[in-house]
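The values are calculated or read from the model by the stated rules, or taken from the named source; none is laboratory data. All values reported here derive from a predicted model rather than from experimental measurement. Here the Cβ is made from the backbone with ideal geometry for all residues, glycine too, and neighbour counts use every protein chain on show. Ligands, DNA and RNA are excluded from the accessible area calculation, which covers all protein heavy atoms including side chains. Shrake-Rupley method; radii C 1.70, N 1.55, O 1.52, S 1.80 Å.
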Amino acid sequence: KRLSGIETKDSYNIECRKLRMDKHAQQARAHFNEWSETYGENRISSWFRFYQSLALSKLEIVKGSGILDVGCGTGWAVREAAKQLKFGKACGIDISPGMIQKAITQGPKDNIEFQVANSEAIPYPKESFAYLLCTFSFHHYKNPVHALSEMRRVMKKDGRLVMLDSARDISFAI
């Protein structure tokens, strides 16, 4: 579901159930919603962009029917990947409505789509993407094996996945 409007407590609880969010995921969502207000304005954001550029180069996008960035934040890598796609969409999912709202406002294009979604319940059909990217979010996933299984499910059989992670921000407790 695309982000639309302000969340009330009831709509938040419904959304959490729909996204299969346990307490861990809800805490991550709250943390990243708060961070979304200043994301892009600090030094770590330029560091993320540098390494996301490297990760995108490893995907070697030359053909294909789209890319999915799992844990896309404000969507910088999605917008960069969209420039490289010959056809298909560049899509990004993130558990934080704040991050997705910021992604949407930073230059929507016809071949770009953002959704609020949990990495453990990716809202796309089987074999939807030729390319998957996951940068700097994997260490936040409570059930990483399940998240990987979901990524594999939505990736085409001959698809490519590039994952890059660090635990720089592990000092906060989720």
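Checked against (1) open to solvent by 40 Å² or more (accessible area, probe 1.4 Å); (2) under 20 Å from V154 (Cβ atoms), W76 passes all but a single condition, namely (2). Looking at M155, is it closer than 20 Å to K58 by Cβ and open to solvent by 10 Å² or more (accessible area, probe 1.4 Å)? Considered against the rule, which asks whether it is closer than 20 Å to K58 by Cβ and open to solvent by 10 Å² or more (accessible area, probe 1.4 Å), M155 comes out as yes. A single entry from K126, K109, K86, K142 fulfils the requirement of being open to solvent by 20 Å² or more (accessible area, probe 1.4 Å), modelled with pLDDT of 90 or more and in a loop (DSSP other than H, G, I, E, B): K126. Can you find a residue in the range 63-77 that is assigned to a helix (DSSP H, G or I) and touching a residue at least 60 places away in the same chain (Cβ under 8 Å)? The answer is no; no qualifying residue exists. Within the range 145-174, the set of residues being aliphatic (A, V, I, L, M) and modelled with pLDDT of 90 or more comprises V145, A147, L148, M151, V154, M155, L161, V162, M163. Answer yes or no: is there a residue in the range 163-172 that is of a type outside the set (D, E, K, R) and in a strand (DSSP E or B). The answer is yes, given that some residue of the range 163-172 is of a type outside the set (D, E, K, R) and in a strand (DSSP E or B).
Of all the listed residues (Q115, Q101), the sole one being in contact (Cβ under 8 Å) with a residue 40 or more places away in the chain, in a strand (DSSP E or B) and surrounded by fewer than 21 Cβ atoms within 10 Å (Cβ to Cβ) is Q115.
For K1, the conditions (1) among the basic types (K, R); (2) modelled with pLDDT of 70 or more; (3) part of a loop (DSSP other than H, G, I, E, B) all hold with the exception of (2).
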